[in-house]
1. Quick one: accessible area per residue over the chain, 1.4 Å probe, rounded to a whole number of Å²?
2. Using heavy-atom solvent-accessible surface (probe 1.4 Å) with all chains present, what is the largest-first order of Met1, Met58?
3. How would His67, His36 line up by accessible area, probe 1.4 Å, largest first?
4. For the chain, modelled as a GNM with alpha-carbon contacts under 10 angstrom, which of Ser61, Ser50, Ser73 fluctuates the most?
5. Taking R0 as 35 Å, what FRET efficiency do you get between Glu2 and Asp83 from their Cβ-Cβ distance, rounded to the nearest 0.05?
6. Work out, step by step, the length gained on full extension between Ala23 and Arg39: first 0.36 nm times the residue separation, then minus their alpha carbon distance; give nm to one decimal.
7. For the range 9-69, what does the alpha-carbon gyration tensor say about shape, rounded, prolate or oblate, given a ≥ b ≥ c as the root eigenvalues, a/c under 1.5 as rounded, and a/b over b/c as prolate?
8. Where does helix 51-64 land angle-wise versus the long Cα axis of the chain, in degrees 0 to 90, nearest 10?
Amino acid sequence: MERRVLISYAADDPDWTPEQVEAVASAIEQAGIRVHLDRWHQRDRKRRLSLAEWQTWMDASIDGATHILCLVSTRYRALWARDPA
């Protein structure tokens, strides 16, 4: 079975910069594990996804993942709680 990891993180998070998120994703890929990262998907599509497109992609990524890695931070927890802080 192919291992697939979805990386979940908060956009614009000072604790997990885009460079750090991509470094984690690259390290996982170098270990031979397929990574689903919305930033890479949007880059492949050459545009930012609409909310509906992102939700469809996220649903498919969750369904296809063997593992989900959450890069948790204060911002991630606030977004999860739907707290605008």
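The values are calculated or read from the model by the stated rules, or taken from the named source; none is laboratory data. Keep in mind the model is a prediction, meaning the values are calculated, not measured. Note that each Cβ is placed from the backbone with ideal geometry, even for glycine, and that neighbours are counted across all protein chains shown. Just the protein is used for accessible areas: all its heavy atoms, side chains included, with ligands, DNA and RNA removed. Shrake-Rupley method; radii C 1.70, N 1.55, O 1.52, S 1.80 Å.
1. Values: 5980 Å² over 85 residues.
Per residue, the chain has an accessible area of 70 Å².
2. My answer, sorted largest first, is Met1, Met58.
3. On the way: His67 100, His36 35 Å².
Putting His67, His36 in descending order of accessible area: His67, His36.
4. Ser50
5. After rounding to 0.05, the efficiency reads 0.45.
6. 4.5 nm
7. Oblate, because a/c is 1.5 or more while a/b does not exceed b/c.
8. 50 degrees
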